[in-house]
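Participant: For reference, the structure I am asking about is given below.
The values are calculated or read from the model by the stated rules, or taken from the named source; none is laboratory data. All values reported here derive from a predicted model rather than from experimental measurement. Please note: Cβ atoms are built from the backbone with ideal geometry, for glycine as well, and neighbour counts cover all protein chains shown. For the accessible areas, the whole protein counts, side chains as well, though only heavy atoms, and no ligand, DNA or RNA atoms are used. Shrake-Rupley method; radii C 1.70, N 1.55, O 1.52, S 1.80 Å.
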Amino acid sequence: MKRSIGIALLMSIAFFTKAQDAPQPPSIEDRLKHTKEVIEKNLQLTPAQEKQLLQAYTDFFNEMDKLHKIAPPPPPPPPPPPPAMDPKVKEQFEKLVKERDEKMKQVLNEEQYKKYLEATKKMHPRQPGGKDGTPPPPPPPPEPTEVTVVNQPDDPVPTTETKP
């Protein structure tokens, strides 16, 4: 009996922990509360201005939520570049490679040596970036796509059209 209660407890803890992994965006009410605090702190508004401003933000947050529901999530950030190799270690590494290649040159004929060099390039392709270990320049940004939101008066969920 105690064992089954313990298992059920562990399973419920695992379930609730998993449910908490995905961060939820703040509610519209929370965003409005924060907006109101910032506005009151920085602007001297009349009650009518404040009401109009908060209504504009309410409309804005509602439309943003609709767009977030239909928009794909952003791509994950690129991984950080690998650390640059210590120049002293890199120099020793290059020296070893030259010594190995000299030994190969003594064993192989000229044609074999050329093929050997081509094969080693394929086995160990150069890492992207410069010789100093700096990362390569970032790729160009993706082509923008045009998303048109078509709101129907009685439709709670907007219809979208995507054009490349």
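Participant: Give the residues of region 56-86 that are surrounded by 10 or more Cβ atoms within 10 Å (Cβ to Cβ) and farther than 30 Å from K36 by Cβ, sorted by residue number.
Facilitator: Across region 56-86, the qualifying residues are P81, P82, A84, M85, D86.
Participant: Here's something else I'd like to know. Check off (1) outside any loop (DSSP other than H, G, I, E, B); (2) modelled with pLDDT under 80 for E118 and give me the number that stays unchecked.
Facilitator: (2)
Participant: Within region 149-160, is there a residue that is of a type outside the set (S, T, N, Q), modelled with pLDDT of 85 or more, open to solvent by 100 Å² or more (accessible area, probe 1.4 Å) and more than 30 Å from I39 (Cα to Cα)?
Facilitator: Taking region 149-160 and keeping what is of a type outside the set (S, T, N, Q), we get 149-150, 153-158.
Now narrow it down to the ones that are modelled with pLDDT of 85 or more: none.
Within region 149-160, not a single residue is of a type outside the set (S, T, N, Q), modelled with pLDDT of 85 or more, open to solvent by 100 Å² or more (accessible area, probe 1.4 Å) and more than 30 Å from I39 (Cα to Cα).
Participant: In region 21-43, what residues are at pLDDT 80 or above and open to solvent by less than 70 Å² (accessible area, probe 1.4 Å)?
Facilitator: Within region 21-43, S27, I28, R31, L32, T35, V38, I39 meet the criteria.
Participant: Among the residues of region 35-85, which ones are outside any helix (DSSP H, G or I), in contact (Cβ under 8 Å) with a residue 24 or more places away in the chain and in contact with a helix residue (DSSP H, G or I) (Cβ under 9 Å, 6 or more places away or on another chain)?
Facilitator: A84, M85
Participant: Now for a different question. How many residues does region 86-95 hold that are in a loop (DSSP other than H, G, I, E, B) and more than 24 Å from P138 (Cα to Cα)?
Facilitator: Number satisfying all stated conditions: 0.
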